[in-house]
């Protein structure tokens, strides 16, 4: 085989390097399509290597016994590279569109886009190799039942993830709590599980099927009400306890939101008599879900102190 055929991929690699360094990196930093260029740069190297090899084959020729095999290999490489290039382009378009519309992009949606283009590339490659697609699809249809039974849990999680993503009832950035006790911020929805991050910073993986079947409370709104349940002994007047709770809660909120207090007022609701006292709920507004733990901590600490001082 001519030496040029062996050297050609190296020439393409060097050419891609110079184009990348001198042109694409400049566009990435200063051009209007910087993020698009960044997502497509990685496919420049294999593409120019294949192009260089193709040109060398056309110029020098190869032995007849290798020609057919090499041409099919080049076509296969072209189809793979172009499909990955186009998939990266459409993934970038989808990401840009979703960002402008305020839609969170999940890993599952990216997987689906890339898998669709790879499946199309596979069909084209099989056709180029002279392999009929129809018998393969028929065989896959027959074997699909056995595969679906073997991968029941995996497929259930996949379709549950699709449902969660398309329904948009749970999205990355939402703070959710499940009826089984898990609570945290949704980081991503993948093909198998949903990734949460709890308030301690731990990562929680919840299978998509389990999430879709659970009772989920979604704290999507930035603002809301924190309910703190307190016990007031019979020795303390309820009217006095109500005023103390409101004053303490307002003091905590003023420290946390000095220039932007929540519009909703603090409320107190008595609801249960007990042998040792009365239970009451204090409804404290907050502007961010992440503030709930701090508000609860400061309120309980200060109310306990004030209640002891007034009881004494």
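The values are calculated or read from the model by the stated rules, or taken from the named source; none is laboratory data. All values derive from a computational prediction rather than experimental measurement. Cβ placement follows ideal geometry from the backbone for every residue including glycine, while neighbour counts extend to all protein chains displayed.
At a glance:
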| quantity | calculated |
| --- | --- |
| Segment 57-69, residues that are in a helix (DSSP H, G or I) and either surrounded by fewer than 17 Cβ atoms within 10 Å (Cβ to Cβ) or modelled with pLDDT of 85 or more (or both) | 58, 59, 60, 64, 65, 66, 67, 68, 69 |
| Residues satisfying the stated conditions in segment 280-300, i.e. surrounded by 19 or more Cβ atoms within 10 Å (Cβ to Cβ) and assigned to a strand (DSSP E or B) | 280, 282, 284, 285, 286 |
| Subset of segment 189-203 (residues that are in a loop (DSSP other than H, G, I, E, B) and more than 15 Å from residue 165 (Cα to Cα)) | 198, 199, 200, 201, 202 |
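Rundown of residues vs (1) over 15 Å from the mean Cα position of the chain (by Cα); (2) at pLDDT 80 or above; (3) under 30 Å from residue 303 (Cα atoms); (4) surrounded by fewer than 13 Cβ atoms within 10 Å (Cβ to Cβ), yes/no style:
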| residue | (1), (2), (3), (4) |
| --- | --- |
| 148 | yes, no, no, yes |
| 164 | no, yes, no, no |
| 168 | no, no, no, yes |
| 181 | yes, yes, yes, yes |
| 197 | no, yes, no, no |
| 217 | yes, yes, yes, yes |
| 232 | yes, yes, yes, no |
